[in-house]
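Comments concern the structure below.
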There are 2 protein chains.
Amino acid sequence: MPRVSQEHSDARRRQILAAGRRCFAANGFHATSMQDLLREMNLSAGAFYRYFSGKDELINAIAEEAVDQAADDLAAFFAQEPLPPLPDLLAGVAGAGITPMVDRETQDVLMQIWAESMRAPELRKRVQAGFVTLLGLVADLMRRYRERGELPPDADPDACAQAVIGLIQGYLLQRSVMGLHDPEPFVTGVRTLLSPR
Amino acid sequence: MPRVSQEHSDARRRQILAAGRRCFAANGFHATSMQDLLREMNLSAGAFYRYFSGKDELINAIAEEAVDQAADDLAAFFAQEPLPPLPDLLAGVAGAGITPMVDRETQDVLMQIWAESMRAPELRKRVQAGFVTLLGLVADLMRRYRERGELPPDADPDACAQAVIGLIQGYLLQRSVMGLHDPEPFVTGVRTLLSPR
């Protein structure tokens, strides 16, 4: 395939994914019809079906991208050296971390993905795999904090990781569903609760 | 209206709500048709429409009930006297607290409600009002912990409450979406992170 055509094809695919994300973030998966999608993509049905077999495949591709992006961005954030004190890191995930990282559209789609994954086994597998990857990543961090003495010697890194990820998920949920777009109160609350007393 | 008829009417309404919750928890709001609902309710369309104007009104009624129930149960849990140490209370919300309190069906419906509320303004208003009530309740608790010296004198009760509720929401999400039904690791993690170090 000539190079220009591959580039064109990649660009078209990205255009489809972006338009799908916009539609789904605004209206959810079910209330968005193929016609809504094609209108937003400014494409004919024929052009769309060259890239995806239908709405379900598009949803899966968008979910994969959103889950991967969130995991990659969190991994990059957690890789900072030197490691800040634990309360700063956790507060930072919500503040400096997630807010600019996970754009509002991706995050709104993530809410839809979470809900939809409860009835779509394929999606559920993907979401759970992303969660397990993230859990391993955060557990490694917790191990380092334990070595540094910022967590007690008998701290269970996996258990701590689960609670840490719970905080992040709760933060995303409050931003999407409750419309709390200022990260400051959440960040302050996390720092207060987690600081040595 | 004669008393027996009112009782019958209340029972029928409860039966409709319960069947709706089962359907929606399993399949979400959109993939559940009126026919699915009537089959699960074992009712004729005519009987159903004496109670609700349609699927949307049923969804709103179920959402209202789920949000109210979660708020009431959390309020009862937070009202325990004497107040336990802060890490115990927070760990307890996930462990002894939420697990038996919020049954799995209500919780699965809650996930659907959260996602759906992003596109349904009426539902969104209800969900956000429930969140604000809960926030006030938890902020009052945080004030008491501050008075007891378990939080620093300059702790912001509202900010702490937001982080605490984030933890609870993250826990519910992990239970519904990630299928983590054993509360122990999360509880242990919360207790470790929040204990004085």
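The values are calculated or read from the model by the stated rules, or taken from the named source; none is laboratory data. Everything quoted here is computed from the prediction, not taken from an experiment. Ideal geometry is used to build each Cβ from the backbone, glycine not excepted, and the neighbour counts take in all protein chains shown. Side chains included, ligands, DNA and RNA excluded: accessible areas come from the protein's heavy atoms. Shrake-Rupley method; radii C 1.70, N 1.55, O 1.52, S 1.80 Å.
Can you list the residues of region A:164-197 whose accessible area drops by at least 50 Å² going from the chain on its own to the full set of protein chains, with a 1.4 Å probe?
A:GLN169, A:LEU173, A:GLN174, A:VAL177, A:MET178, A:THR192, A:LEU193, A:LEU194, A:ARG197
Taking the Cβ of A:LEU137 as the center, what net charge do the other residues with Cβ under 14 Å away carry, scoring Lys and Arg +1 and Asp and Glu -1?
So the surrounding residues net to -3.
With only alpha-carbon atoms in the gyration tensor, what are the semi-axes of the equivalent ellipsoid for region B:1-142, in Å, largest first?
So the equivalent ellipsoid measures 32, 17, 14 Å along its semi-axes.
Please list log₁₀ I(q)/I(0) at q = 0.21, 0.22 Å⁻¹ for region B:59-194, using the Debye equation with identical point scatterers on the alpha-carbon positions.
Once normalised to I(0) and log-transformed, intensities are -1.34, -1.43.
Between B:ARG50 and A:SER33, how high is the FRET efficiency from 1/(1 + (r/R0)^6) when r is the Cβ-Cβ distance and R₀ = 41 Å? Nearest 0.05.
Efficiency computed from Cβ-Cβ geometry: 0.85.
Can you list which of the trypsin sites (Lys or Arg not before Pro) found in region A:130-160 are DSSP loop residues with at most 11 other C-beta atoms within 10 Å?
On the way: sites: A:ARG143, A:ARG144, A:ARG146, A:ARG148; in loops: A:ARG148.
In loop regions of region A:130-160 (DSSP not H, G, I, E or B), the sparsely surrounded trypsin sites (Lys or Arg not before Pro) are A:ARG148.
Share of region B:59-194's accessible area from carbon and sulfur, percent, 1.4 Å?
After summing per-atom areas, the C and S share lands at 54 percent.
B:LYS55: which lysines have alpha carbons under 27 Å from its alpha carbon, excluding same-chain residues fewer than 8 sequence positions away?
Within reach: A:LYS55, B:LYS125.
Rounded to the nearest 100 Å², what is the sum over both chains of accessible area buried where B meets A, with a probe of 1.4 Å?
Counting both chains, the buried surface is close to 4500 Å².
When the helices in chain A are scored as -39500 (n - 2.57) per DSSP H run of 4 or longer and the sum is shared across all residues, what 222 nm value do you end up with, to the nearest 500 deg cm²/dmol? Kindly include the intermediate steps, with their values, before the conclusion.
Working: 9 runs with 140 residues, N = 197.
After summing the helix terms and dividing by residue count, I get -23500 deg cm²/dmol.
Taking the label point 7 Å from Cα in the Cβ direction, how far apart in nm is A:ALA61 from each other copy of itself, listed shortest first?
4.2
Output the 0 to 90 degree angle, nearest 10, between the alpha-carbon long axis of helix B:104-117 and the longest principal axis computed from the alpha carbons of chain B.
That helix lies at roughly 90 degrees to the long axis.
Name the shape class, rounded, prolate or oblate, that the alpha-carbon gyration tensor gives for the protein assembly as shown, where a ≥ b ≥ c are the square roots of its eigenvalues, rounded holds for a/c under 1.5, and otherwise prolate holds if a/b is larger than b/c and oblate otherwise.
Judged from the Cα gyration tensor, the protein assembly as shown comes out oblate (a/c at least 1.5, b/c at or above a/b).
Between copies, how far apart are the B:ALA26 label points? List them in nm, one decimal, shortest first, with each point 7 Å from Cα toward Cβ, please?
Inter-copy label distances (nm, one decimal, shortest first): 3.4.
Keeping all protein chains in place, calculate the accessible area per residue for region B:59-194 (probe 1.4 angstrom), answer in Å².
Numbers: 4960 Å² over 136 residues.
Spelled out: the 1.4 Å probe surface of region B:59-194, per residue, equals 36 Å².
If you place +1 on the Cβ of every Lys and Arg and -1 on the Cβ of every Asp and Glu, how big does the dipole about the Cα centre of chain A come out, in debye to the nearest 20?
380
What does the copy distance list look like for B:GLU105, label position 7 Å along Cα→Cβ, in nm and ordered from shortest?
Sorted ascending, the copy-to-copy spacings read 3.9 nm.
If we count every other residue with Cβ under 15 angstrom of B:LEU83's Cβ, Lys/Arg +1 and Asp/Glu -1, where does the sum land?
On the way: positive: B:ARG143, B:ARG144, B:ARG146, B:ARG148; negative: B:GLU81, B:ASP88, B:ASP140, B:GLU147, B:GLU150.
Net charge in that neighbourhood comes out at -1.
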